[in-house]
Amino acid sequence: MTSLKKIARLAGLLYLIVDITGYYSIMYVPSKIVVQGDAVATANNILANEFLFRTGIVSFLICNLIWVFFVLILYRLFKQVNEHQAKLMLALMLVIIPIAFVIEIFDITSIMILKGEIMKAFEPEQKHDLAMLFLNIHRYGLVIFNIGGLWFIPFGQLVYKSGFIPRIFGILLIIGGIGYMIESLAFLLFPSYHSIVLQNIGVSYGVGELSIMLWLLIKGVKEHEQKTG
């Protein structure tokens, strides 16, 4: 049980790092840089805040490197609960990592265009439009990345069955996984309604993620024998 508690707390710590670096790169930096529908203002913000923009790129890469270790620790924690579901969770978590590294190339390309490192013959307006195009491709890539939130469902099932983590967290994670899917599909199919869907659905996976992360980090596991099945 002591070993299991240490593994759980390590998982919680890695989850915290993933959340912090992910929030910084996906939410904070774009909020300071990107002006939707205004390529010129966005380009000027990138050039005026180049270091901030680059820290967002680095933060996202760190986030996904830590994610690899988090995935393996989480699998180690739950493989004795149900190995089949743990492998499914592992596969769904790992499949999004290549997507994360690929989409970051578009942010790197956008700043190279604006700084004149490539496409030097293009006019400033063309550079602004191209940079905005790559930033939008990156944004759509994040939507595909978020579809990977489907991993919450087997994760929630494992938590529910485990016996060493309260079942309520498993239920919240399953709801969160469904929320991720609804939000991503809304963005792809009904983009004009995405903001409305996000306002109503976003809390579903936010609560699930935050609660399980804090439980793993602070509590670890409940003080009784682990269930398997």
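The values are calculated or read from the model by the stated rules, or taken from the named source; none is laboratory data. All values reported here derive from a predicted model rather than from experimental measurement. Note that each Cβ is placed from the backbone with ideal geometry, even for glycine, and that neighbours are counted across all protein chains shown.
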Completion exercise
Conditions (1) buried (at least 16 other Cβ atoms within 10 Å of the Cβ); (2) under 26 Å from Met27 (Cβ atoms) -> Pro191 fails only (1)
Fill in the blank from the handout: Going through (1) assigned to a helix (DSSP H, G or I); (2) out of contact with any helix residue (DSSP H, G or I) (no Cβ under 6 Å at 6 or more places or on another chain) one by one, Leu217 fails only at (2)
Completion exercise
Given the conditions (1) closer than 16 Å to Phe60 by Cβ; (2) of a type in the set (Phe, Trp, Tyr); (3) outside any helix (DSSP H, G or I), every one holds for Phe134 apart from (3)
Handout entry: Test: Ile103 is modelled with pLDDT of 90 or more, among the aliphatic types (A, V, I, L, M), surrounded by fewer than 22 Cβ atoms within 10 Å (Cβ to Cβ) and touching an Asp or Glu at 6+ places or on another chain (Cβ under 8 Å)
Key = no
Practice task
Check Gly177 against each of (1) surrounded by 21 or more Cβ atoms within 10 Å (Cβ to Cβ); (2) closer than 27 Å to Ser3 by Cβ; (3) of a type outside the set (Asp, Glu) and name the one condition it does not meet.
Solution key: (2)
Handout entry: Residues (within 19 Å of the chain's Cα centre (by Cα) and either of a type in the set (Gly, Ala, Ser) or closer than 30 Å to Asn44 by Cβ (or both)) located in the range 79-107
Key = Ala91, Ile99, Ala100, Phe101, Val102, Ile103, Glu104, Ile105, Phe106, Asp107
Completion exercise
Subset of the range 40-64, residues among the charged types (D, E, K, R) and within 13 Å of Ile26 (Cα to Cα), comes to Arg54
Handout entry: Pick from the range 75-92, criterion without any contact (Cβ under 8 Å) to a residue 24 or more places away in the chain, of a type in the set (D, E, K, R) and not in a loop (DSSP other than H, G, I, E, B), ranking: farthest from Thr55 (Cα to Cα)
Key = Glu83
Problem - Those residues of the range 152-161 which are surrounded by fewer than 23 Cβ atoms within 10 Å (Cβ to Cβ) and of a type in the set (Phe, Trp, Tyr), in sequence order - result: Tyr160
Problem - Filtered residues of the range 93-127 (kept if of a type in the set (S, T, N, Q) and either under 30 Å from Phe69 (Cα atoms) or in contact (Cβ under 8 Å) with a residue 24 or more places away in the chain (or both)) - result: Thr109, Ser110
Handout entry: Flag if Leu72 is within 15 Å of the chain's Cα centre (by Cα), part of a helix (DSSP H, G or I), surrounded by fewer than 18 Cβ atoms within 10 Å (Cβ to Cβ) and aliphatic (A, V, I, L, M)
Key = no
Handout entry: Pair list, Cβ under 8 Å, 6 or more apart: the range 14-34 residue under 16 Å from Ile46 (Cβ atoms) and in contact (Cβ under 8 Å) with a residue 24 or more places away in the chain, other residue hydrophobic (A, V, I, L, M, F, W, C) and part of a helix (DSSP H, G or I)
Key = Ser25/Ile57; Ser25/Phe60; Ser25/Cys63; Val29/Leu52; Val29/Phe53; Val34/Leu135
Problem - Selection within the range 162-174 - aliphatic (A, V, I, L, M), assigned to a helix (DSSP H, G or I) and surrounded by 21 or more Cβ atoms within 10 Å (Cβ to Cβ) - result: Leu172, Leu173
